[in-house]
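This report concerns only the one structure given below.
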Amino acid sequence: MKKHKSYLIWALIFILIPITLLTTANELMLGRSGEYLSGKEISLRQADKKSFNIYGSAVSDKALELKLESYQRIQPDIVSIGSSRTLQFRQKFFKKPFYNMGLTAGSVGELRDITNTIVKLHKPQIMIIGADFWWFHPEKENLSTSKKEERFTAPYKDLAARIENLTLPFQWIQEGSINLVDYTDLLFSTPEENIGVRGKLRSAGIAPDGSYYYTDRVIGEHSNKNEQFHETKERIEQGKDQFIYGSKASTLLIDDFNRITKSLQDQGIEVFVFFPPVAPKILSELHQRNYQYIKEIEDIFRERNIAHFNFLDPAQIGPASDCEFIDGFHGGDVLYGRIILKMAHSSPVLSKITDKGYLQEVDGKYKGYAMIPEPRVTSRAEVDFLKLGCRK
């Protein structure tokens, strides 16, 4: 009996030793990658002018915490706010300090939360708000009044989540997301080489100015579910996610939005509202289906005298090209530079602080591209990652 127990003990030891070694290596790899840094620590690393650290996590979402820390540290004159569809505005577009708070507002209610929060930290001179059409769908009304304080907390130090994360590298290797060379590179990486697994391996994620680089997609490294806009078209066909069908817009949400922008203006902030564009092929799909509420949003905005730019159709900005999109409803920074030029043309205030020379140069040079080349991010060229026959 004692001999049998002894065998069991040794068997357990032989099983536990490799498991312990591997999970310890995973913990070390995630730690060295910067996955366990707080938003403040990431912000401070991005403040280092000697480097251009991209933050891209494969483990947790610290975008809100990071952006609040960076916003307070930078105290920008110009800020852009909205969902992921506002992430392509960059510091290079402007002559004054700018920060991109994209990803922090996915509804009218979240817009109210984040604007209330940031004006207490610092009051910008100019605020550019990207309002997604689905914010004003009647089904989103319950989001308008549900302020969630938990959005402003960071669960990155939660012990249970951290233990669970220890198995993720095994999963990534099994799926083919990373290979053993990637794993080794991460295990021996240095803090100066971007932050987070995606940041380090793909140079994809949030830049020091708060904007976002889809580097792995545009250079063709990313497994793209949106070739030919397939995933976006599927959402439209099924009427789901951002593309729920509807004939009537919510006046409750539009009035709430109007109160938010008026409150900001009453505080002396110049507010610019725009409807972000969708790709021409996707716009055509929307016109063929039950999305009458989108047209009604525009009508109600006009009735309420809510100043805005309607760029849903990218032809309103300039020559429209599907090739300038990341997917069906996320435009690239070439297109978003053109948006700033268009708004600046109508506003002396915005015109004064816009680097029109730079934007006109890149618009002429990179028309038809999704990403303005940035050598600090990658030296690799953009490809036809959407398989649309784009000449890159």
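The values are calculated or read from the model by the stated rules, or taken from the named source; none is laboratory data. Only a predicted model underlies this, so the values are computations on that prediction, with no experimental measurement involved. Positions of Cβ are backbone-derived with ideal geometry, glycine not excepted, and every protein chain shown enters the neighbour counts.
Filtering segment 49-58 down to residues that are in a loop (DSSP other than H, G, I, E, B) and buried (at least 19 other Cβ atoms within 10 Å of the Cβ), which residue is modelled with the lowest pLDDT?
Applying the first criterion (in a loop (DSSP other than H, G, I, E, B)) to segment 49-58 yields 49-54, 56-58.
Next, from what is left, pick out any that are buried (at least 19 other Cβ atoms within 10 Å of the Cβ): 53-54, 56-58.
Values: ASN53: 95, ILE54: 97, GLY56: 96, SER57: 94, ALA58: 91.
The selected residue is ALA58.
Of all residues being basic (Lys, Arg) and surrounded by 13 or more Cβ atoms within 10 Å (Cβ to Cβ) in segment 356-375, which is farthest from ALA279 (Cα to Cα)? Just the residue, please.
Out of the qualifying residues, it is LYS356.
What tally of residues in segment 204-232 results from selecting those that are touching a residue at least 24 places away in the same chain (Cβ under 8 Å) and either touching a Lys or Arg at 6+ places or on another chain (Cβ under 8 Å) or not in a loop (DSSP other than H, G, I, E, B) (or both)? Spell out how you get there, then give the answer.
We begin by selecting, within segment 204-232, every residue touching a residue at least 24 places away in the same chain (Cβ under 8 Å); these are 204-215, 217-220, 222, 224, 226-229, 231-232.
Checking which are either touching a Lys or Arg at 6+ places or on another chain (Cβ under 8 Å) or not in a loop (DSSP other than H, G, I, E, B) (or both) leaves us with 204-207, 209-213, 215, 217-219, 222, 224, 227-229, 231-232.
Qualifying residue count, segment 204-232: 20.
What are the pairs, 6+ residues apart or on separate chains, where a residue within segment 102-123 that is closer than 24 Å to GLU141 by Cβ has its Cβ under 6 Å from a residue that is among the aromatic types (Phe, Trp, Tyr) and surrounded by 22 or more Cβ atoms within 10 Å (Cβ to Cβ)?
SER107/TRP135; VAL108/TRP135; VAL108/PHE257
Going by the conditions given, is ILE126 among the aliphatic types (A, V, I, L, M), crowded, with 24+ Cβ neighbours inside 10 Å and over 30 Å from GLU164 (Cα atoms)?
When the stated conditions are applied, ILE126 does not pass them.
Can you tell me which of SER203, SER211 is in contact with a Leu (Cβ under 6 Å, 6 or more places away or on another chain) and either at pLDDT 85 or above or of a type in the set (Phe, Trp, Tyr) (or both)?
Going through SER203, SER211 in turn, the sole match is SER211.
Contact list please: Cβ distance under 7 Å, first residue in segment 127-141 and among the small types (Gly, Ala, Ser), second residue in a helix (DSSP H, G or I), pairs at least six apart or on different chains.
GLY130/ARG85; GLY130/THR86; ALA131/PHE257
Among the residues of segment 165-195, write down those that are closer than 14 Å to ALA25 by Cβ, in a loop (DSSP other than H, G, I, E, B) and free of Cβ contacts under 8 Å to residues at least 60 places away in the same chain. So that I can check it myself, show each step before the final result.
First pass over segment 165-195, keeping only residues closer than 14 Å to ALA25 by Cβ: 165-170, 172-173, 178, 180, 182-189.
So of that shortlist, the ones also in a loop (DSSP other than H, G, I, E, B) come out as 166-167, 178, 188-189.
Residue satisfying the conditions is ILE178 alone.
Where the second residue is part of a helix (DSSP H, G or I) and modelled with pLDDT under 90 and the first is within 18 Å of SER203 (Cβ to Cβ) and among the polar types (S, T, N, Q) and lies in segment 19-42, which pairs have Cβ atoms under 9 Å and are six or more apart or on separate chains?
Once the first residue is within 18 Å of SER203 (Cβ to Cβ) and among the polar types (S, T, N, Q) and sits in segment 19-42, its partners that are part of a helix (DSSP H, G or I) and modelled with pLDDT under 90 give SER33/LEU186; SER33/LEU187.
Looking only at residues in segment 114-156 that are assigned to a helix (DSSP H, G or I), in contact with a Ser or Thr (Cβ under 8 Å, 6 or more places away or on another chain) and modelled with pLDDT under 80, which one is farthest from VAL59 (Cα to Cα)?
By that ranking, first place goes to SER144.
Can you name the number of the only condition in (1) at pLDDT below 95; (2) assigned to a helix (DSSP H, G or I); (3) within 30 Å of THR86 (Cβ to Cβ) that SER70 fails?
SER70 satisfies all of (1) at pLDDT below 95; (2) assigned to a helix (DSSP H, G or I); (3) within 30 Å of THR86 (Cβ to Cβ) except (1).
Exactly one condition in (1) modelled with pLDDT under 85; (2) on the phi > 0 side of the Ramachandran plot; (3) surrounded by 17 or more Cβ atoms within 10 Å (Cβ to Cβ) is false for GLY176; which is it?
Against the list (1) modelled with pLDDT under 85; (2) on the phi > 0 side of the Ramachandran plot; (3) surrounded by 17 or more Cβ atoms within 10 Å (Cβ to Cβ), GLY176 comes up short only on (3).
Could you identify the single residue in ARG304, ARG376 that is farther than 16 Å from GLN88 by Cβ, touching a helix residue (DSSP H, G or I) at 6+ places or on another chain (Cβ under 9 Å) and touching a residue at least 40 places away in the same chain (Cβ under 8 Å)?
Only one candidate passes the filter, namely ARG304.
Looking only at segment 74-89, filter to residues that are hydroxyl-bearing (Ser, Thr, Tyr) and under 8 Å from the mean Cα position of the chain (by Cα); which one of those is nearest to ILE128 (Cα to Cα)?
So, considering only residues that are hydroxyl-bearing (Ser, Thr, Tyr) and under 8 Å from the mean Cα position of the chain (by Cα), the one nearest to ILE128 (Cα to Cα) is THR86.
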